[in-house]
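The values are calculated or read from the model by the stated rules, or taken from the named source; none is laboratory data. Values in this document were obtained by computation on a predicted structure and should not be read as measured data. Here the Cβ is made from the backbone with ideal geometry for all residues, glycine too, and neighbour counts use every protein chain on show. To get the accessible areas, we keep the full protein, side chains included, count just its heavy atoms, and leave off ligands, DNA and RNA. Shrake-Rupley method; radii C 1.70, N 1.55, O 1.52, S 1.80 Å.
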Amino acid sequence: MFANLQYPIIQAPMAGGIATADLAIAVSRCGGLGFLAAGYKTPEAIEQEIIKCKDSALPFGVNLFVPQNDEMDESLHLYKERLEEDFRIRLALPEPGDDYWQEKLELVMKHKVPYVSFTFGCPPEDIIEQLKNNGSRVIVTVTNLEEAKIAAENGAEAICLQGPEAGGHRATFRNVDEDTHVPLIELIAMTRKVIPLPIIAAGGIMNGKDIHLALNAGADAVQLGTAFLCTEESGANPVYKRALTSGEFAETALTRTFTGRLARGLKNEFMTRYENIAPAIYPAVNALTQPIRAKALKDQNPQAMSLWAGTRFQEIRKGAVKDVFEQLIKELEEYQS
Ligand SMILES: Cc1cc2nc3c(=O)[nH]c(=O)nc-3n(C[C@H](O)[C@H](O)[C@H](O)COP(=O)(O)O)c2cc1C
């Protein structure tokens, strides 16, 4: 599955403009696997990035969100009214959409993207089959054994196993309140016993020792998101990068306040204030809070921005991808020798 990679190290797809083509290419150039994030992007924008990655002639992947639309109800209206009052802003209730699912599938087919991964669900067997027949390697992101079994039954060639330490959204197939207490290393060992597919382990992997431990526990590759957030090639904005490294934030937490779906980020005032009233309605809440987040960025106010990060964000390294990657390999080799 990863035989063409020099190192089994994957850069996590990170939606929100972070996993740029520059980031993906830089990681693949180091011998890892760079990933583009198609979530929330227009087909035109993601196609430009795909073309840039293809032109590099290096391996790369594209990640797609499996569409879902939680039903809107009164709780969304109440949340909207409360946010409008607190932020003195007019917010619009979004129209249901599918994030251009069909168009994005057609794009990854058209460009024969080498690796295609899915998050927030498992596509039906026929879609996975079509992609495989078209030459793509298909990965489904899962958070537990039950989801891993579904991915295997539907024909996935590998699973990306996301532990509770991970930054960003929980990849659960359904928008649920879940028990997230099994740490990644235990999750890998449990899954390895039952699922015969290659496992890509994700969540709280920050250095060579973590990579070694994940591989030792039974993973075939690792996927790192937070570790690449503050690299020069990352598309994270300067306010976000500063928040991650300034020491202003002490911890991360899971929250629904920004998007309606559980996601891990730096614990800020917005999360604390709205934790009890934010409804579990995705992606409507994501669209609803967008103008608030955009204004916070403009005002350079990290207290009302979504600052996705894994539990180990305090160990983030800055610099060019090349330097961060070389350090990971150096540490990994020390542990392996
Ligand atoms: C800012 C950010 C955005 C993310 N966006 C996506 C995404 O678009 N698709 C996806 O499958 N995972 C996404 N993730 C989750 C990662 O794939 C991965 O599970 C996570 O980064 C691993 O934990 P770590 O951040 O501690 O390394 C995101 C993570 C972060 C930090």
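Numerical summary
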| item | result |
| --- | --- |
| Every pair of residues 6+ apart whose Cβ atoms lie under 6 Å, when the first sits in the range 18-43 and is hydroxyl-bearing (Ser, Thr, Tyr) while the second is modelled with pLDDT of 95 or more and outside any helix (DSSP H, G or I) | Thr20/Gly235; Ser28/Gly34; Ser28/Leu58; Ser28/Pro59; Ser28/Phe60; Tyr40/Ala15 |
| Unmet criterion (only one of (1) without any contact (Cβ under 8 Å) to a residue 60 or more places away in the chain; (2) crowded, with 19+ Cβ neighbours inside 10 Å; (3) assigned to a helix (DSSP H, G or I)) for Lys54 | (2) |
| Filter result for the condition that a residue is assigned to a helix (DSSP H, G or I) and under 22 Å from Thr252 (Cα atoms), over Leu105, Leu187, Leu161 | Leu187 |
| Count of the range 151-161 residues which are in contact with a strand residue (DSSP E or B) (Cβ under 8 Å, 6 or more places away or on another chain) and either in contact (Cβ under 8 Å) with a residue 60 or more places away in the chain or more than 16 Å from the ligand (Cβ to nearest atom) (or both) | 6 |
| Single match in Thr231, Thr245, Thr226, Thr272 (criterion: free of Cβ contacts under 8 Å to residues at least 24 places away in the same chain, of a type in the set (Val, Ile, Thr) and either within 30 Å of Tyr7 (Cα to Cα) or surrounded by fewer than 24 Cβ atoms within 10 Å (Cβ to Cβ) (or both)) | Thr272 |
| Index of the failed condition, Arg88 passing every other in (1) closer than 26 Å to Tyr274 by Cβ; (2) touching a residue at least 12 places away in the same chain (Cβ under 8 Å); (3) away from the ligand (no atom under 16 Å from the Cβ) | (2) |
| In the range 108-124, the residues that are open to solvent by 10 Å² or more (accessible area, probe 1.4 Å) and either in contact with a helix residue (DSSP H, G or I) (Cβ under 8 Å, 6 or more places away or on another chain) or of a type in the set (A, V, I, L, M) (or both) | Met109, His111, Cys122 |
| Subset tally (residues that are assigned to a helix (DSSP H, G or I) and among the charged types (D, E, K, R)) for the range 267-284 | 2 |
| Complete set of residues in the range 1-27 that are away from the ligand (no atom under 12 Å from the Cβ) and open to solvent by less than 10 Å² (accessible area, probe 1.4 Å) | Ala21, Ala24, Val27 |
